[in-house]
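Peer 1: So that we are looking at the same thing, I have put the structure below in structure tokens.
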Amino acid sequence: MLSLKSGKSEKISGEKLISAVGVQCNTEGLGLEKIGVKIDRGAIVVDGHGRTNIDGVWAIGDVAGPPMLAHKAEHEAVITVETIAGQKVHGLDKTKIPGCTYCEPQVASVGLTEVKAKESGREIKVGRFPFVGNGKAIALGESDGLVKTIFDAKTGELLGAHMVGAEVTELIQGFVIAMNLETTEEELIHTIFPHPTLSETMKESVLDAYGRALNI
Ligand SMILES: Cc1cc2nc3c(=O)[nH]c(=O)nc-3n(C[C@H](O)[C@H](O)[C@H](O)COP(=O)(O)OP(=O)(O)OC[C@H]3O[C@@H](n4cnc5c(N)ncnc54)[C@H](O)[C@@H]3O)c2cc1C
């Protein structure tokens, strides 16, 4: 029996139940409050280089706040150790951390959503390309899926990419590299993607944002 937010209840029967309870920072009981380490909603506040407000206390990973992902924790750890060792390194840029869901079909994204990009006050261009327009996806029997790309209409900067479909958790890295290199639509349009591959959906989505998709 489900209790809905509306106050109503609903009876659903099924064979399996997935419990998605979420995660939270494990910062209790460490004595952080006693030495004055700043905590915000359970997470240790850090400056992008793992530095807290207390000299000599550093934090990385889940305890240093969302997104709570292994690749964020690992990268943040490297930045922090290098900073402690006295090297000058770029701080963690949370806007370029890919998010992947290993479900069927897979889901992957990086950067701003269309809604967030609009809320930021930018004029945007949005491209979409369905997997059904891609030969490799059809050959694999995986034609359900979509790639969506969001660009700043004035500068051409790639602001975000969102993908649903086969192997998108592998493909998203192309867009992560592109964003890290501050790429624009021009460079992506002039990048050659191999045929036949699922990656062609990525280029087609970029082309679609500029009214130039080839296979739709
Ligand atoms: C079921 C599940 C699936 C996940 N799948 C993915 C995934 O597919 N991809 C992804 O990117 N992320 C995934 N995550 C998230 C990922 O595991 C975490 O973001 C990542 O492990 C965070 O690294 P961390 O070093 O901050 O913390 P942890 O890996 O949790 O390491 C913390 C360590 O500190 C130890 N510890 C805790 N308290 C104390 C203490 N008081 N004293 C000493 N040691 C202590 C713990 O035992 C642990 O060894 C998943 C998480 C869960 C729970």
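The values are calculated or read from the model by the stated rules, or taken from the named source; none is laboratory data. This is a predicted model, so every value here is computed, not measured. Note that each Cβ is placed from the backbone with ideal geometry, even for glycine, and that neighbours are counted across all protein chains shown. Only protein heavy atoms, including side chains, enter the accessible area calculation; ligands, DNA and RNA are left aside. Shrake-Rupley method; radii C 1.70, N 1.55, O 1.52, S 1.80 Å.
Peer 1: Let's see if you can work this out: charge +1 on each Lys and Arg Cβ, -1 on each Asp and Glu Cβ, no other charges. What is the dipole magnitude of the chain about its Cα centre, in debye to the nearest 20?
Peer 2: 580
Peer 1: Could you give the accessible area per residue of the stretch 157-216, probe 1.4 Å, as a whole number in Å²?
Peer 2: Heavy-atom SASA per residue in the stretch 157-216 reads 50 Å².
Peer 1: How far apart, in nanometres, would the label points at residue 10 and residue 157 be if each is projected 7 angstrom from Cα along the Cα-to-Cβ direction?
Peer 2: 4.1
Peer 1: Over the stretch 32-92, calculate the relative contact order: mean separation of alpha carbon pairs under 8 Å at least 6 apart, over the residue count, as a percent.
Peer 2: On the way: 79 pairs, mean separation 16.2, N = 61.
Here the relative contact order equals 27 percent.
Peer 1: With θ set to phi - 60°, apply the Karplus curve 6.51 cos²θ - 1.76 cosθ + 1.60 along the stretch 165-173 and write out the HN-Hα couplings as whole Hz, x wherever there is a Gly or Pro.
Peer 2: So the Karplus estimates, Gly and Pro as x, are x, 4, 6, 5, 5, 7, 5, 4, 4 Hz.
Peer 1: Would you please put 168-176, 51-59 in order of how densely packed they are, using the mean number of other Cβ atoms within 10 angstrom per residue and starting with the highest?
Peer 2: So the order, starting with the most tightly packed, is 168-176, 51-59.
Peer 1: Once phi is turned into θ = phi - 60°, what whole-Hz ³J(HN,Hα) does the Karplus curve with 6.51, -1.76 and 1.60 give for every residue of the stretch 19-34, x standing for Gly and Pro?
Peer 2: Couplings: 9, 10, 8, x, 10, 9, 5, 9, 10, 7, x, 8, x, 4, 4, 4 Hz.
Peer 1: Just order 102-108, 196-202 by mean Cβ neighbour count inside 10 Å, highest at the front, would you?
Peer 2: Averaged packing, sorted descending, gives the order 196-202, 102-108.
Peer 1: Quote the relative contact order of the stretch 123-215 in percent (integer), defining contacts as alpha-carbon pairs under 8 Å separated by 6+ residues. Each step should come with its number before you reach the end.
Peer 2: Numbers: 167 pairs, mean separation 32.3, N = 93.
Rounded, it is 35 percent for the stretch 123-215.
Peer 1: Could you calculate, for the stretch 130-174, the ratio of the Cα radius of gyration to the Kirkwood radius, expressed as Rg to Rh?
Peer 2: Answer for the stretch 130-174: 1.07.
Peer 1: When N is the residue count of the stretch 32-92, what does its C-alpha Rg come to as a fraction of 2.2 N^0.38 Å?
Peer 2: Dividing the Cα radius of gyration by 2.2 N^0.38 Å gives 1.06.
Peer 1: Label residue 23 and residue 186 with points 7 Å out from Cα along Cα→Cβ: what is the distance between them in nm?
Peer 2: 4.0
Peer 1: Arrange the peptides 74-82, 2-10 so that the one whose residues have, on average, the most other Cβ atoms within 10 Å appears first.
Peer 2: Top of the packing list down: 74-82, 2-10.
Peer 1: Explain nothing, just compute: Karplus ³J(HN,Hα) = 6.51 cos²θ - 1.76 cosθ + 1.60, θ = phi - 60°, for every residue of the stretch 150-160 in order, whole Hz, x for Gly and Pro.
Peer 2: Once rounded to whole Hz, the list reads 10, 10, 6, 4, 7, 9, x, 5, 6, 9, x.
Peer 1: Rounded to the nearest percent, how much of the accessible area of the stretch 1-77 (1.4 Å probe, protein heavy atoms only) is carbon and sulfur?
Peer 2: Taking all protein chains in place, the stretch 1-77 shows 54 percent carbon and sulfur surface.
Peer 1: Now a separate question. Once the Cβ-Cβ distance between residue 57 and residue 93 is put in as r, and R0 is 25 Å, what FRET efficiency do you end up with, to the nearest 0.05?
Peer 2: 0.65
Peer 1: Something else about it: Using the 2.2 N^0.38 Å rule of thumb for compact globular proteins, work out how the chain stacks up: its C-alpha Rg over that value, please.
Peer 2: Expressed relative to 2.2 N^0.38 Å, the Cα Rg reads 1.24.
Peer 1: Taking Cα pairs under 8 Å and at least six residues apart, what relative contact order does the stretch 1-131 come out at, in percent? Before the final figure, lay out the partial values.
Peer 2: Working: 132 pairs, mean separation 16.4, N = 131.
Dividing the mean separation by the residue count of the stretch 1-131 yields 13 percent.
Peer 1: Using Cα centres only, tell me the gap between the stretch 1-20 and the stretch 118-140 in whole Å.
Peer 2: 33
Peer 1: Given the whole protein assembly as supplied and a 1.4 Å probe, what does the accessible area of residue 93 come to in Å², nearest 10?
Peer 2: About 60 Å², rounded to the nearest 10.
Peer 1: Just the number please: accessible area per residue for the stretch 32-92, 1.4 Å probe, all protein chains included, in Å².
Peer 2: Values: 3750 Å² over 61 residues.
Per-residue value: 61 Å².
Peer 1: Related question: Past the 20 Å Cα-Cα mark, which pairs from 125/148; 125/203; 16/72; 148/203; 116/148; 88/116?
Peer 2: Working: 125/148 11 Å; 125/203 15 Å; 16/72 31 Å; 148/203 10 Å; 116/148 14 Å; 88/116 31 Å.
Among 125/148; 125/203; 16/72; 148/203; 116/148; 88/116, the Cα-Cα distance tops 20 Å for 16/72; 88/116.
Peer 1: Within the stretch 95-209, what whole-number % of the accessible surface is contributed by carbon and sulfur, with the 1.4 Å probe and all protein chains included in the calculation?
Peer 2: 53
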